[in-house]
Amino acid sequence: MASSLTELDSLELNLSSENLTLLNIILGIVMFGVAIGIGANDFKQVIRKPKSIVVGLVGQLLLLPILTTILIYLFNDFISPGIAMGMILVASCPGGNISNFMVHLAKGNTALSVSMTAFSTLFAIVLTPFNFYFWGKVYTDWIMGSAENPLLQSLQIDVLEVGKSVFLLLGLPLLLGMLFAKYYPVAKAKIEDPLRKFSILAFIAIVVIAFSKNTGAFLEHISAIFTVVLIHNAVVISGGWIWSGMNRLPYSDRKSVSIEMGIQNSGLGLVLLLNPNIFPAHLPIGGMAAITAWWGIWHIVAGLILAYYWRRRPSTLTELT
């Protein structure tokens, strides 16, 4: 598998400046849709019930990349550097924008889910570039054995560019969305659901645009990509469930933490990958992009399956306090 995935790393994903601008606009609209569902009361959850949100954020921001790095170590002989760095990039992104819907469907703690999405998105302005570099450095020094890693070196040079991009793609839409929700509550109620549906179609559009010149190669390696993402996503979701159980969170909160850890904003990761100011066109980012793109597709499937399972399972049988 490793040689096949190394071939995938070499795919070129050059985009025109017009397409890159379009991707940035799409992601900005998606994050605006997330933000209008976030209110001041969601942030107050931290003050009223700090335990669940703290446990959840530690799981999402620290445990998730740790589990990812352990997986990379265990499967290093079967994956390529691009695939490994793609897994780290996904783990460095904040919670995905459809996680709140998934948690609601699963009869989890929706307020906790929204709070985790809000805080992980805010923290992502700093933590996405930091986590990608830190865990990428761990991979380079300890797993690759100090081998040269141009994907990591590029980010090391452009950390400020990544921070700026994350702020424009996440921070600004988040601020505008929350202000819109506060001052235009009627309009917010009308557009919130359509924007949620748009976000799913928008991510598919991002994937199609990114791989428009390499569809055949992407499909040729889909079985290997599928296996990596399936294992990665399953381990992360299970890790969230076990972690929140170890901290004795209520059953509904455990659902929220598990889903939040399994639903990542891979759209952000893909847009960052396609920004030539961060990852120049000559870098072998095909494997990174493939993992990031397929994660965004698979987490919808996995999230829906898990949500429907939990929705039909009587919570009274397994309630933990």
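Where a number appears in this text, it was derived from the coordinates with a stated rule and is not lab data. Please read these numbers as outputs of a predicted model, since none were measured by experiment. All Cβ positions, glycine included, derive from the backbone under ideal geometry; neighbour counts span all protein chains shown.
For this structure, a couple of remarks:
- Placing pseudo-labels 7 Å out from each Cα toward the beta carbon at Asn277 and Met246 gives an inter-label distance of 4.0 nm.
- In this structure, the pairs whose alpha-carbon distance is over 23 Å, taken from Lys190/Lys255; Lys51/Lys107; Lys107/Lys197, are Lys190/Lys255.
- Peptides 104-111, 221-228, 272-279 ranked from most to least packed, by the mean per-residue count of other Cβ atoms within 10 Å: 104-111, 272-279, 221-228.
- Remark: the Leu74-Arg312 segment gains 82.2 nm on full extension, using 0.36 nm per residue and subtracting the alpha carbon distance.
- For Gln264, residues with placed amide H under 5 Å, excluding near neighbours: Gly96
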